[in-house]
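The values are calculated or read from the model by the stated rules, or taken from the named source; none is laboratory data. Small disclaimer: the values here were computed from a predicted structure and weren't measured. Here the Cβ positions follow ideal geometry from the backbone for every residue, glycine too, while neighbour counts run over all protein chains shown.
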Amino acid sequence: MKADVIKLDGKKAGSVDLSDELFGLEPRADILQRVVRWQMAKRQAGTHKVKTRSETSYSTKKIYRQKGTGGARHGSRNAPIFRKGGVYKGPTPRSHAHELTKKFRALGLRHALSAKATAGELIVLDEAKLAEAKTGQLAKAIKNLGWKRALIIDGAEVDGNFALAARNVDTIDVLPSAGANVYDILRRDTLVLTKAGVEALEARLK
């Protein structure tokens, strides 16, 4: 499929051929959901923790004699049925990450790229470079282009001036091609790929 290429000033800079293997698929929500869930699970801190009966601060002495009281038999005040006692089978620190094969992750990325292309939310940029690291200059260019919430994916490396200028623009994110991922692509309204980014993604995913 063909796509127009533009410059940062909005002028046309020719066209580029996009691979149907990456940008021409029919997006499947179930594949995207599984990859996003895998990404989010890896990000979870897993630091939730409760105290068990061996960690609460009461004495472990038997609270009253076993028989003759007319009440139930109890031992330590640390038991889960008592106020401020330990929690039974509560959460402990753990990793929430689970396995997902490399092939499936690559498939999810292809479907995410196709989803943006199908929705008309894919833009190909000639290059993401600036002569000076001027945030105001970049913000003005982005406003003129009408990008409100955009993810810009460049080639192997992001231009230093462009990265510095984009750092204080909260409506855009900039990533190298190696950092392209399903969650960041889907959470932004517009996906902007540089020509170098397109080549790098095609080399990575074909």
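Count of the range 106-126 residues, restricted to those that are farther than 11 Å from Thr190 by Cα, more than 18 Å from the chain's Cα centre (by Cα) and among the charged types (D, E, K, R), is 1. Going through (1) modelled with pLDDT under 95; (2) assigned to a loop (DSSP other than H, G, I, E, B); (3) loosely packed, with under 11 Cβ neighbours inside 10 Å one by one, Arg53 falls short only on (3). Within the bounds of the range 142-162, is there any residue that is surrounded by fewer than 18 Cβ atoms within 10 Å (Cβ to Cβ), among the hydrophobic types (A, V, I, L, M, F, W, C) and free of Cβ contacts under 8 Å to residues at least 40 places away in the same chain? Checking the range 142-162: not a single residue is surrounded by fewer than 18 Cβ atoms within 10 Å (Cβ to Cβ), among the hydrophobic types (A, V, I, L, M, F, W, C) and free of Cβ contacts under 8 Å to residues at least 40 places away in the same chain.
Yes or no, residue by residue, for (1) farther than 23 Å from Glu202 by Cβ; (2) modelled with pLDDT of 95 or more:
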{"residue": "Gly10", "(1), (2)": "yes, no"}
{"residue": "Ala13", "(1), (2)": "no, no"}
{"residue": "Ser19", "(1), (2)": "no, no"}
{"residue": "Ala29", "(1), (2)": "yes, yes"}
{"residue": "Gln33", "(1), (2)": "yes, yes"}
{"residue": "Ser59", "(1), (2)": "yes, no"}
{"residue": "Arg77", "(1), (2)": "yes, no"}
{"residue": "Phe82", "(1), (2)": "yes, no"}
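Pairs are defined by a Cβ separation below 8 Å, a sequence spacing of at least 6 or placement on different chains, a first member in the range 49-68 that is in contact (Cβ under 8 Å) with a residue 12 or more places away in the chain and farther than 12 Å from Lys84 by Cβ, and a second member that is part of a loop (DSSP other than H, G, I, E, B) and among the basic types (Lys, Arg); the pairs so defined are Ser59/Arg77; Ile63/Arg77.
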